[in-house]
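J.: Let me begin by handing over the structure; questions about it come next.
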Amino acid sequence: MENKKIHYLMLLVFSIFGLINYFLIKNNIISDNLKLLIFCFFMILILGVSHGALDNLRGKNLFQPKFKKNWFIFFYPGYILLSLVVIFCWIKFPAVTLLMFLVIASYHFGEEDLRFFFKGKGYFFNLVSFFKGALIITLSLHYSYETTTLFFEYLMVTQLEYEKFTKFKSLLFSANLIFLIISLIYLLRKQINKLVLILFEIIFILLSFIYLPLILAFSMYFCFLHSSKHIIELARELDAQNIRNGLKLFIVKAAPLTLLTAIFAFLSLYFLGQNINENIIQVIFIGLASLTLPHILLEILDRGNE
């Protein structure tokens, strides 16, 4: 199945899921914030985190040629250490670490999203990738400012540390969106079909962040429009001839690390404070930050190796 059909399917699932949740929330069928947080927490654990669950196989491909049978002695401790360093930095320097995470995540989200359609490279492609991923952040600040500040507070960053920039939040969003659309038109001026697909995706993302609660809009993007692309690419690596078989192989191979991550997530919730809403936000975002750094480094090393 080609990427165009797969992306249409992703957008269809995204839109149907979003419309159902919008109807349920609008009619107060879903009105409990805690239940919504728990639902998003499980969705991210099952669909979102799993897109990095084959990092051990990528690590094996990179480390085994150098360290032979002892590759795992170097890979697993290094991977875990990098994750722990991120958590330690977040506890000690939350504002700086959050800022670094937002910058790195913006590029990572945008680069993987665009690479699904074409193998771009160069400074301009990297800049467009950054603005594609940064749209998630500027959207959050523009349309869900109060919720975003509450999440930042849960993440140990007080409003005093960034309130000077909040008066520019609408300008940042507008500039981000305008630059992104213009640069995409220039970048894909000879590939109109791909341009239309990406613009459709941007429209769907905009609508979800405007009309749905922030945590739900983010979870939908992360699971259905970001992680799903990476999972498809991994499935193709496992079986280039049969995408369905590749997905089956992915589920089997990704299950152990996904389950292990879920266990650590639940243990973290158990040992954190009494505010369950705060705990879930901390586990989701600090947990994602701790996994993002080693995941990105592996991606960079793997592409360099290729």
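The values are calculated or read from the model by the stated rules, or taken from the named source; none is laboratory data. Please read these numbers as outputs of a predicted model, since none were measured by experiment. No Cβ is skipped: glycine too gets one built from the backbone with ideal geometry, and neighbour counts run over all protein chains shown. Protein only, heavy atoms only, side chains kept; ligands, DNA and RNA dropped before computing areas. Shrake-Rupley method; radii C 1.70, N 1.55, O 1.52, S 1.80 Å.
J.: Heavy-atom accessible area per residue, the chain, 1.4 Å probe: how many Å²?
T.: Ligands and nucleic acids excluded, the result is 55 Å² per residue.
J.: Let me ask something else about it. About the Cα centre of the range 45-176, what is the dipole size in debye to 20, counting +1 per Lys and Arg Cβ and -1 per Asp and Glu Cβ, all else neutral?
T.: Details: 13 positive and 8 negative charges, 149 e Å.
Rounded to the nearest 20 debye, it is 720 debye.
J.: Still on this structure, please answer the following. Which one, F74, F151, F41, has the greatest fluctuation when you compute a Gaussian network model over the chain with C-alpha springs under 10 angstrom?
T.: F74
J.: Still on this structure, please answer the following. So if I take the centroid of the Cα atoms in the range 14-45 and the same for the range 212-288, what is the distance between those two points in Å?
T.: The distance from the Cα centre of the range 14-45 to that of the range 212-288 comes to 17 Å.
J.: Now for a separate question. Which of N126, S174, F63 sits farthest toward the positive end of the charge dipole of the chain, with +1 on the Cβ of Lys and Arg and -1 on the Cβ of Asp and Glu?
T.: F63
J.: Select from I192, Y145, V96 the residue farthest towards the positive end of the dipole of the chain; place +1 on Cβ of Lys and Arg, -1 on Cβ of Asp and Glu, and compute about the Cα centre.
T.: Positive-most Cα among the choices belongs to I192.
J.: For the chain, calculate the relative contact order in percent as a whole number, restricting contacts to Cα pairs under 8 Å that are 6 or more residues apart.
T.: 32 percent
J.: Are there any trypsin sites (Lys or Arg not before Pro) in the range 103-146 that are in a DSSP loop and have at most 10 other Cβ atoms within 10 Å? List them by number.
T.: Values: sites: R115, K119, K121, K132; in loops: K119, K121.
Answer in residue order: K119, K121.
J.: Here are some values of Rg and Dmax of the Cα atoms in Å: (1) 19.3, 59; (2) 21.0, 70; (3) 18.4, 56. Which one was computed from this structure?
T.: (1)
J.: Can you pull the percent of the chain's accessible area that's carbon plus sulfur, 1.4 Å probe, other chains left in place? Each step should come with its number before you reach the end.
T.: Values: 11530 of 16700 Å².
Reported share for carbon and sulfur atoms: 69 percent.
J.: Can you give the accessible area of T261, probe radius 1.4 Å, in Å² rounded to 10?
T.: Ignoring ligands and nucleic acids, T261 comes out at about 40 Å².
J.: Only four residue types carry charge here, +1 at the Cβ of Lys and Arg and -1 at the Cβ of Asp and Glu. Report the dipole size of the chain about the Cα centre in Debye, rounded to the nearest 20. The partial results should precede the final answer.
T.: Working: 26 positive and 18 negative charges, 181 e Å.
About 880 debye.
J.: Select from the chain the helices, each a whole stretch of DSSP H, whose alpha-carbon atoms run 27 Å or more along the helix axis and whose Kyte-Doolittle mean is at least -1.0; answer none if there are none.
T.: Details: long enough: 3-26 (34 Å, 1.07); 71-92 (32 Å, 1.84); 94-115 (30 Å, 0.74); 123-143 (29 Å, 1.21); 192-211 (28 Å, 2.28); 243-271 (40 Å, 1.43); 276-305 (43 Å, 0.90).
Sorted by number, the helices that extend far enough and score high enough are 3-26, 71-92, 94-115, 123-143, 192-211, 243-271, 276-305.
J.: Pull out a ≥ b ≥ c, the square roots of the eigenvalues of the alpha-carbon gyration tensor of the range 66-202, then state rounded if a/c is under 1.5, prolate if not and a/b is larger than b/c, and oblate in the remaining case. Please list the in-between numbers first.
T.: Working: a/c = 2.90, a/b = 1.11, b/c = 2.62.
Oblate is the answer for the range 66-202, as a/c is 1.5 or above yet b/c matches or exceeds a/b.
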